[in-house]
Structures are given as structure tokens and as C-alpha cells.
């Protein structure tokens, strides 16, 4: 220690310079460390934003619109907008409920035997003609992600309402509107009829044993089955229990089946998780 003090006294000027250089070095190192930390933080923020942007973009990649579709949508007149509102207000069904269509502003979802696919669309042209009885037909050109298609629409308010003598056969509430296409939908050149889905499916045939196995959660079953049927089988109004059930005690799952009262009755498999209190539906 004494030798260090002696060295400093003998080399005071050099020691001061050395101390100054040491302070400068430490200061520069600290600044450098701060800059590195700041740079890394900025990079992390940028990466986070990129991930978020990609995530947001992926939310819209199910039915991306082309430049031409966006342009067509921006040029819609009121009549086209009102027609799209008509399409979107109902479910369109064919084949006894095995085929269905749901429209929104710029996409439609097609369900075939319970399997659904969504497509983008824009209307590029629409012509309206009368049917001679007060109803109308429309010929519509759809630009979709699968190509250009021609769809015909009949509102059913003319020929469907009046017989050949001009007498009223139906009131307006029971008129069946239809849409069809030779290429756009799974059912080619087949009318898809407007269907108003029921709010709640009616469950029939349950007994106390199955109700107990399902934790007395029949209200939950009705709610979730109604939601599922509205998408996959919108024409269904009733589900009848098929009188058999299996419980897997190892996994805690109850499995059973219900038959839907579609035009061609469909059997669906329903599982209920005793631990999660959750239903799952499959064909």
C-alpha cells in the first residue's frame, strides 16, 4: 500500500492522466451499455409490433379480398346493398339441410354435410326482371375467390303467391325465396331455399338416466346444439335422443347420439366432458 502511495507521489501527473482515462473509459462503457440495451429494447418492440401485425393480418386471411373485389364493393349502389342485406338475413338450404349457405357483406360460408368453407365475394353486376305475377327474378354476377359465377335469385312473391287464376295461395310470410347457380355452390343448378333458423332446438326422448349423466345440463345442451345446428343444419328444429349412451370413466367423457329432423334425417354424435362441463358435436 505504501509503495502505491510513493508511486503516485512520484508520478502524480501521470496518475491523474491515468485516472482521467479510467473515468472516461468507465463512462463510455456505461453509455455503450445503455445504448445496447436501448437498441435491443427497440428491436424487441419492433418484433412485437411485427408479430401483432401478422396476427391481425391473419385474422383477415380467411377470406381476403382482391383489388377488383374491393373496387366493386366500393361502387355498390343502394339496390345492391339492399340485396346483400336480404341474402345475409337468412340461411339458404338445399338437400334437406345437408347443404347450406350463409352470406355476410363480403363473404359467404358454405356447409356441406357439416363441413364449412368460407369464400370472399363481390357483386359486379345485377339485372332484375319481373315474373309476370308481381314477383322478381335477379341475375347476379359474383366475383369470388373461386372465379366468376352467375347466380339467379327468385323472391317468390309472384308466381309462388298466386295460382294460375290469380288467387292467393300463400301469404307473404310463407313465400320461399331461392338462389341457385350452375357453378358457385356445391349443389349445381339446384335451388337453395331461404330458411329461418329456430332460436332453440327442441330436444326429445331424454330420460332421467341420461339427464343425470349430463349433469342435468340440458339447458346448456339445447343452447349449444342450437348454435351448432344453425350453422351446419339450419333446417333442423328437433333432435331426438337415440336411447344409447357410453361413459368412459377413465377420460370422464359421456358419448351419445341424436337424430336431427332434417328432410333426410341425420345422426350426430355428442360428447360431454364431465370435468370441463363442455359439449362437442360431430357427424
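Summary table
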| read-out | value |
| --- | --- |
| Listed peptides 88-101, 123-136 by packing density, highest first (mean Cβ within 10 Å) | 88-101, 123-136 |
| Relative exposure of 180, 81, judged by other C-beta atoms within 10 Å (fewest first) | 81, 180 |
| Backbone N within the range 237-252 under 15 Å of label point (7 Å from residue 276 Cα along the Cβ vector) | 251-252 |
| Projected label distance in nm at residue 131 and residue 105, using a 7 Å step from Cα toward the beta-carbon | 3.1 nm |
| Cα-Cα P(r), the range 84-134, percent of pairs per 10 Å interval | 22, 42, 29, 7 |
| Neighbour-count order for 193, 250, fewest beta carbons within 10 angstrom listed first | 250, 193 |
| Point-to-point label distance, residue 141-residue 115, nm (Cα→Cβ direction, 7 Å offset) | 3.2 nm |
| The range 61-196, relative contact order [Cα under 8 Å, separation at least 6], % | 20 percent |
| Percent breakdown of C-alpha pair distances by 5 Å bin, ordered from the shortest bin, for the range 61-196 | 2, 10, 18, 24, 20, 14, 8, 4, 1, 0, 0 |
| Equivalent ellipsoid, the range 202-282 (semi-axes from 5 times Cα gyration tensor eigenvalues, Å) | 21, 13, 11 |
| Potential extension, residue 211-residue 182 segment - 0.36 nm per residue separation minus Cα distance | 5.8 nm |
| Potential lengthening between residue 150 and residue 218 on full extension [0.36 nm per residue; Cα-Cα distance subtracted] | 20.1 nm |
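Where a number appears in this text, it was derived from the coordinates with a stated rule and is not lab data. Small disclaimer: the values here were computed from a predicted structure and weren't measured. Here the Cβ is made from the backbone with ideal geometry for all residues, glycine too, and neighbour counts use every protein chain on show.
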